[in-house]
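Peer 1: Supplied in structure tokens, the structure appears directly below.
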Amino acid sequence: MTSYPDLGLFIGGEWKKADGQPVLNPADDTILGTVPHATRADLDAALDAAETGFRIWSRTSPSKRAEIISKAAGLMRERIEELAVAMTLEQGKPIAQSRAEILRACEIIEWDAQEGRRVYGRIIPSEPGMRHSVLRQPIGVVAAFSPWNFPTSSPSRKVGGALSAGCSIILKASEETPAGAVQLVKAFADAGLPPGVLNLVFGKPAEISEYLIPQPAVRLVTFTGSVPVGKHLTALAGAHMKPAIMELGGHSPVIVCDDVDPLASGVSSALAKSRNAGQVCVSPTRFFVEEAIYDRFSEAMAAKAASLKIGNGLDAANDMGPLANERRLAAMETLVADAREKGARVLAGGNRIGNRGNFYPLTVLADVPDDARAMREEPFGPLALLSRVKNIDEAIEKANSVAYGLAGYAFTNSARKADRLAESVDVGNLSINHFVASSAETPFGGVKDSGFGREGGIEGLQGYTVVKNVSHLTA
Ligand code: NAD
């Protein structure tokens, strides 16, 4: 039940072992395994394999592609327990959330697989004897980089989209949570995906991206991760005229209007914030609450936060696991100390738990001033920052005052306010009266520093295609 899989590189349909770096369990600092690092020769082999894979896969019928891709998702569903345990071991999240992530990955892959059969072009009406046909063709070999917070669902976005559009892919997944990608790739291999269509490598992230992106074979770059790295990879892709899909950080505002139940919204806010210990690009972070309900909302949220059980994610009784790495722990300590110094009140949490594993509680800070660092820098951890606002105009202004623009949330029963918020909050995804930022069929992505391009929905698949216009004079 607590086994961790063998890790390998997957190139041209073959698994390969190599030296690399240890993978740590964030709940107890023990070593789970060794993730292999790819050499230059491995990367060259992956490029060759992906080119061959593209020739085969782009000429495979969409229905056959859909069959193989769907089969991979089916295998992941059958293997859910094994996959979920490995995910909790390497990433720390509670086992129920690991299962939910696997199911979400399956939904994404299955939706993409079917939608890949409907990547339509169009015929443009023109003068007699002329036909303009717009073709949507798979773009080619994709270089994909996925992070450690969602070890399976983040790569599934990229693999599902690329393969369903008819592309091949070289995936460099996170070295800190490699099993999520290894098991995803294994499901595709077992489902009968031709060799070379999906390749998996690990190594030093900067060395791999700087080698792969300029290669002529690579036609698209997709990255999920931090804003600074996203800007660096975008510049690299731009220097080589490659399009990119950038799903970067967020600093999600939550606007709570005074016409909602403060207790219910406070409780649901604490639960949403606790998901994956706040290490989510769409995690709700800056809570702008209208003053009439601010105190009751804050108390309800803090009480719920304080009631959450924190511990090893394999114990189903725990609501929140450890942070995934020591960097996050250090970041929480720094940001909380700074906010406290500037006058924020700690309503719940605020200190590391124990000294083994990276445990940090859900921390609710009230009256956080605008100049606290956490208000501008993405905490990427279990910090909820509460701020009292006079009205929704002030809330919208504050919500839009950061460089990020990924997800946003609002709670209101007023159609007028909801419409105003939908028009005015500067984000790629706004959820009103709930905390689900995206689903397989909806386009997900950011504005401003949060990136560009979309994952999911028809827009996500179109990102892996190029448009070609064919003008045919027949008369
Ligand atoms: P980081 O900036 O060092 O790395 C972020 C991710 O990019 C990691 O997965 C890393 O392996 C990868 N990476 C780093 N340098 C790279 C390079 N030159 N080429 C290719 N990949 C590279 O930060 P971190 O400490 O790992 O993560 C913390 C920050 O990352 C958070 O503050 C958050 O903003 C961001 N993050 C965002 C997401 C997301 O879903 N958008 C996911 C994970 C991390």
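Peer 1: On a C-alpha basis, how far is the centre of the stretch 164-216 from the centre of the stretch 56-124 in Å? Whole number, if you could?
Peer 2: Between the Cα centres of the stretch 164-216 and the stretch 56-124 lies a distance of 15 Å.
Peer 1: Short version: ³J(HN,Hα) in whole Hz for each residue of the stretch 31-46, in order, from phi by Karplus 6.51 cos²θ - 1.76 cosθ + 1.60 (θ = phi - 60°), x for Gly and Pro, what are they?
Peer 2: 8, 8, x, 10, 8, x, 9, 7, 8, 4, 4, 5, 5, 4, 5, 5
Peer 1: Hand me the trypsin sites (Lys or Arg not before Pro) from the stretch 24-120 located in a DSSP loop with no more than 16 other Cβ atoms within 10 Å, in residue order please.
Peer 2: R59, R79
Peer 1: Considering the Cα positions of the stretch 249-296, please state its Rg to one decimal place and its Dmax as a whole number of Å.
Peer 2: In Å, with Rg to one decimal and Dmax whole: 11.1, 31.
Peer 1: Restricting to DSSP loop positions (anything but H, G, I, E, B) with no more than 16 other Cβ atoms inside 10 Å of their own Cβ, which trypsin sites (Lys or Arg not before Pro) remain in the stretch 375-475?
Peer 2: R376, K390
Peer 1: Please work out the average accessible area per residue across the stretch 31-83, using the 1.4 Å probe convention, and give it in Å².
Peer 2: Per-residue accessible area for the stretch 31-83 comes out at 49 Å².
Peer 1: Could I ask something else about it? T39 to R131: FRET efficiency via 1/(1 + (r/R0)^6), r the Cβ-Cβ distance, R0 51 Å, to the nearest 0.05?
Peer 2: My answer for the efficiency is 0.55.
Peer 1: What FRET efficiency do you get for D338 and H472 if R0 is 45 Å and r is their Cβ-Cβ distance, rounded to the nearest 0.05?
Peer 2: In this case the efficiency is close to 0.10.
Peer 1: What number do you get for the stretch 252-439 when its Cα radius of gyration is normalised by 2.2 N^0.38 Å, N = residues? If you can, show how the numbers build up before the last one.
Peer 2: Values: Rg = 15.5 Å, N = 188, 2.2 N^0.38 = 16.1 Å.
Normalised Rg, Cα atoms only: 0.96.
Peer 1: Now for a different question. Taking Rh as the Kirkwood radius, which is the inverse of the mean 1/r over Cα pairs, what is the Rg/Rh value for the chain?
Peer 2: Checking Rg against Rh, the ratio lands at 0.99.
Peer 1: Can I ask one more? Would you mind working out the accessible area per residue for the stretch 182-279, using a 1.4 Å probe, and quoting it in Å²?
Peer 2: On the way: 3130 Å² over 98 residues.
About 32 Å² of surface per residue is accessible.
Peer 1: Please state, to two decimals, what the Cα-based radius of gyration of the stretch 136-223 comes to when divided by 2.2 N^0.38 Å (N = residues).
Peer 2: Scaled against compact globular proteins, the figure is 1.00.
Peer 1: Using modelled backbone amide H atoms (1.01 Å from N, in-plane), which distant-in-sequence or interchain residues come within less than 5 Å of L220's amide H?
Peer 2: Under 5 Å from the amide H of L220 lie the amide H atoms of A143, each far enough along the sequence or on another chain.
Peer 1: Turning to a different aspect of this structure: Round to a whole angstrom and tell me the spacing of the C-alpha centers of the stretch 380-454 and the stretch 339-357.
Peer 2: Rounded to whole Å, the Cα centres lie 26 Å apart.
Peer 1: Suppose only helical runs count, i.e. DSSP H with n ≥ 4. What mean residue ellipticity at 222 nm does that imply for the chain under -39500 (n - 2.57) per run, divided by all residues and rounded to the nearest 500 deg cm²/dmol?
Peer 2: -12500 deg cm²/dmol
Peer 1: Quick check: at a probe of 1.4 Å, how many percent of the accessible area of the stretch 253-325 sits on carbon and sulfur atoms?
Peer 2: Accessible surface attributable to carbon and sulfur in the stretch 253-325 totals 53 percent.
The values are calculated or read from the model by the stated rules, or taken from the named source; none is laboratory data. Note that the structure is a prediction, hence the values are computed from the model and not measured. So basically every Cβ, Gly included, is an ideal-geometry build from the backbone, and we count neighbours across all protein chains shown. The area values use the complete protein model at the heavy-atom level, side chains included, leaving out ligands, DNA and RNA. Shrake-Rupley method; radii C 1.70, N 1.55, O 1.52, S 1.80 Å.
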